[in-house]
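Here the structure is laid out as structure tokens; the discussion comes afterwards.
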Amino acid sequence: MNIKSLPLLVAPYFLGACSLLPVGPRPKVLTVSIAASLQAAMQEVQSRYQALHPDVKIHYSVASSGALQQQIEQGAPVDIFISADAERAQTLVQQGHAVTQQTLLENDLVLVVPKTAVGMQSLTDLQKHQITKIALGYPESVPAGKYGQQVLKSLKLYDQLTPKFIFTKDVRQALFYVETNNVDAGFIYRTDAQHSQTVKVVEVVAPTLHSPIQYPVTLLKDSQHPQEAQAFVQFLNSPNALAIFETYGFQQPRP
């Protein structure tokens, strides 16, 4: 045998032997639908959890709570839903799409303006003629928009300010419009404002002016991995995860 041909004979045998080696189980994929305001915090939670549980991969679907609810109602394969509106979760439970629901976090609504803006000191200043555009999530599908609408109706300002509204698909878009000076003011969550370098808070809205801002975590009935989903929910309630949420400004449920 020509020794130069030996590598050519050995290589196919080696590759064939490698193909017979056992392959480990693939990670189970959990699909978690989350309200847009949770995205940054949940990315850190995802990294922490997957480091502890390499056998589970977390995939997020991020949108407004209303859009996510509609996707679930239409049969989207989701294991866990975390809404920014308790009514969304309650509806899914009543419809039979979800099996359990518990309040995970709470938040505050704030009115923000671009950092360089002057002359805004309170909600009532939205009536000023120089304020021509106000970012507000669609109240029908965006919880922050619903809460903002409730606030303005409580103050009897909603109808007067309606011509000024620039409606957004979610709370993150409302923040973006304020950050880029495309609007004069906007309603967002305190957690969103806390991590923005280009907006300032005019007022933290009194919670008596709107429904409680709660984030329920909901297990879906048709989950393909119910045990792994339950384990992830338990992690979300652990001191490890709650410390992350606190860093981003979320609060634990009030007694």
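Below are the figures for this structure:
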| quantity | calculated |
| --- | --- |
| Carbon/sulfur fraction of accessible area - the chain, other protein chains in place, 1.4 Å, % | 55 percent |
| Furthest towards positive pole of dipole, N107, A117, I72, structure part the stretch 71-133, Cβ charges | A117 |
| Accessible surface, the stretch 46-183, averaged per residue in Å² (probe 1.4 Å) | 47 Å² |
| For V202, distant residues with modelled amide H under 5 Å away | L111, V112, V113 |
| Three-way shape label, the stretch 98-173, alpha-carbon gyration tensor, a/c 1.5 | prolate |
| Packing rank of 241-247, 141-147, where each peptide gets the mean count of other beta carbons within 10 Å, highest leading | 141-147, 241-247 |
| Antiparallel DSSP beta bridges within the stretch 99-229, as percent of all bridges there, nearest 5 | 70 percent |
| Magnitude of the charge dipole, the chain, Cβ model with Lys/Arg +1 and Asp/Glu -1, debye to 20 | 380 debye |
| Above-threshold pairs, the threshold being 20 Å between Cα atoms, out of K153/K200; K115/K153; K146/K169 | K153/K200; K115/K153 |
| The stretch 99-235: translational diffusion in µm²/s, Stokes-Einstein, Kirkwood Rh over Cα pairs, 10 °C, 1.306 mPa s | 100 µm²/s |
| For the stretch 91-165 versus the stretch 201-235, the gap between their alpha-carbon centres in whole angstrom | 19 Å |
| Counted charge near T91, where neighbours are those whose Cβ lies closer than 10 Å (Asp, Glu -1; Lys, Arg +1) | -2 |
| Antiparallel content of DSSP bridges confined to the chain, in %, to 5 | 55 percent |
| 5 angstrom amide H check on I166, placed H, neighbours 5+ away | I134, A135, L136 |
| Prolate/oblate/rounded call for the stretch 24-88, Cα gyration tensor, a/c under 1.5 rounded | oblate |
| Two-decimal log10 I(q)/I(0) for the stretch 147-222, as the Debye equation yields it once each C-alpha is a single scatterer, q = 0.14, 0.17 Å⁻¹ | -0.54, -0.76 |
| Crossing angle, helix 39-52 versus the chain [Cα axis fit, 0-90 degrees, rounded to tens] | 30 degrees |
| Ellipticity estimate at 222 nm from DSSP helix runs (n ≥ 4, -39,500 (n - 2.57)) divided over the chain, nearest 500 | -11000 deg cm²/dmol |
| Cα-centred dipole magnitude for the stretch 148-255, charges only on beta-carbon of K, R (+1) and D, E (-1), debye, nearest 20 | 280 debye |
| Accessible surface of K133 - all protein chains present, 1.4 Å probe, nearest 10 Å² | 90 Å² |
| Cα-projected label distance for Q43 with Q224, points at 7 Å along beta-carbon direction, nm | 2.6 nm |
| Cα-based shape type of the stretch 12-163, given that a ≥ b ≥ c are square roots of the gyration tensor eigenvalues and the cut on a/c is 1.5 | prolate |
| For the chain, fraction of C-alpha pairs farther apart than 28 Å, in % | 42 percent |
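The values are calculated or read from the model by the stated rules, or taken from the named source; none is laboratory data. Quick caveat, the model's predicted, so the values are computed rather than measured. Heads up, the Cβs are rebuilt from the backbone with ideal geometry, glycines too, and the neighbour counts pull from every protein chain shown. Each accessible area value is taken on the protein alone, full model and side chains, heavy atoms only, with ligands, DNA and RNA left out. Shrake-Rupley method; radii C 1.70, N 1.55, O 1.52, S 1.80 Å.
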